[in-house]
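A.B. asks: Below is one structure. I have some questions about it.
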Amino acid sequence: MAWIVADAIMRHRSGRSTAYDLWRSAATTSTSLTAAEARRVSVCVQPVFGLPTRPTNAEDHVPGHVGEWLWYLFLHEEEPQGREVAFLEPPSWSVTEGGGDGFVVHRLTGAPDTSLLFRLWEIKKFTGAGSVSGTISKAADQLKERGLEYLAKLCSAHANEPGDIGELMSQLVELWIQADPSGGAGVSVSTNTASLPKRSAFTQVPGYLPDLRHPGQLEGLIVAVGDFTKFADQVKELLWSAL
């Protein structure tokens, strides 16, 4: 599982450059990169994960970014009944980059007007002991306080998307203000298996976003992976393995 996440991260961060093929070949065959090749791979890894010779001092960056990728891969592969993913924003290049953590557009399948739905997600990690409730509340409050700003940024960044996706992007802010049924929000938390809640963990979210009252406008996801901090470190070590 750590390999799937590491491979997806490196493929995305490499774009259409040679970095992904260089990294994958070195990581799977234990061959060494040349100095120039190592620099090409390192520039994709370092901003979030640091390097073997210069590890990152921010302990929360790696698990936080891995949590965003778990959400992204889950949304990318899920097949919810009656809808399909039409647009999915990948995790940002830098952990400290401003803006929302996740954004997805679904197209309703079988609907006469092929309607689009969007969800703005806040993605958190919880690596401590006890309840994830506080982390979920923090994420919901962030959506309440900054959701409109995040959508305005998306509206600007994707102004040139074609067709009905582009039309939706131009309306994100207005639809959010109106609490239109086509819009909504989600909270995702990646955590340790031991911290899985024994009952519904998202009951407090509607109190932060009371205008989103239509069925399905609020969503929640908890991803539990053994010792999550250790898992995130495994992803990092795989990314480092070619360097």
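A.B. asks: Name the pairs whose Cβ atoms lie under 7 Å apart, with the first residue in the stretch 168-197 and touching a residue at least 12 places away in the same chain (Cβ under 8 Å) and within 14 Å of Leu209 (Cα to Cα), the second among the β-branched types (Val, Ile, Thr) and surrounded by 22 or more Cβ atoms within 10 Å (Cβ to Cβ), and 6 or more positions between them or separate chains?
C.D. replies: Val187/Ile136; Val187/Val205
So that you can scan it fast, the table gives a plain yes or no per residue for (1) surrounded by 15 or more Cβ atoms within 10 Å (Cβ to Cβ); (2) outside any loop (DSSP other than H, G, I, E, B); (3) more than 20 Å from the chain's Cα centre (by Cα):
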residue	(1), (2), (3)
Leu117	yes, yes, no
Asn160	no, no, yes
Leu168	yes, yes, yes
Gln171	yes, yes, yes
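A.B. asks: Can you tell me which residue among Glu84, Glu37, Glu68 is without any contact (Cβ under 8 Å) to a residue 24 or more places away in the chain and either part of a helix (DSSP H, G or I) or surrounded by fewer than 17 Cβ atoms within 10 Å (Cβ to Cβ) (or both)?
C.D. replies: Glu37
A.B. asks: For the stretch 87-110, what are the residues that are assigned to a loop (DSSP other than H, G, I, E, B) and not hydrophobic (A, V, I, L, M, F, W, C)?
C.D. replies: Hits for the stretch 87-110 are Pro90, Pro91, Ser92, Ser94, Thr96, Glu97, Gly98, Gly99, Gly100, Asp101, Thr109, Gly110.
A.B. asks: Tally the residues that are part of a loop (DSSP other than H, G, I, E, B), surrounded by 14 or more Cβ atoms within 10 Å (Cβ to Cβ) and touching a helix residue (DSSP H, G or I) at 6+ places or on another chain (Cβ under 7 Å), restricting the search to the stretch 198-243.
C.D. replies: The qualifying residues number 8.
A.B. asks: While we're on this one: For Arg13, indicate whether it is in contact (Cβ under 8 Å) with a residue 40 or more places away in the chain and of a type in the set (D, E, K, R). Spell out the reasoning first.
C.D. replies: Details: in contact (Cβ under 8 Å) with a residue 40 or more places away in the chain: yes; of a type in the set (D, E, K, R): yes.
Spelling it out, Arg13 is indeed in contact (Cβ under 8 Å) with a residue 40 or more places away in the chain and of a type in the set (D, E, K, R).
A.B. asks: Just to be sure, is Ser195 more than 20 Å from the chain's Cα centre (by Cα), among the small types (Gly, Ala, Ser) and either open to solvent by less than 70 Å² (accessible area, probe 1.4 Å) or over 20 Å from Gly102 (Cα atoms) (or both)?
C.D. replies: Answer is yes for this residue.
A.B. asks: Kindly provide the set of residues from the stretch 173-189 that are charged (D, E, K, R) and either in a loop (DSSP other than H, G, I, E, B) or open to solvent by less than 40 Å² (accessible area, probe 1.4 Å) (or both), ordered by number.
C.D. replies: If the condition is that a residue be charged (D, E, K, R) and either in a loop (DSSP other than H, G, I, E, B) or open to solvent by less than 40 Å² (accessible area, probe 1.4 Å) (or both), then Asp180 is the only one that fits.
A.B. asks: Out of (1) without any contact (Cβ under 8 Å) to a residue 60 or more places away in the chain; (2) over 26 Å from Arg107 (Cβ atoms), the odd one out for Pro215 is which?
C.D. replies: (2)
The values are calculated or read from the model by the stated rules, or taken from the named source; none is laboratory data. Small disclaimer: the values here were computed from a predicted structure and weren't measured. Glycine also receives a Cβ, built like all others from the backbone with ideal geometry; neighbour counts cover every protein chain displayed. When the accessible area is computed, the model is the full protein with side chains, heavy atoms only, and any ligands, DNA or RNA have been set aside. Shrake-Rupley method; radii C 1.70, N 1.55, O 1.52, S 1.80 Å.
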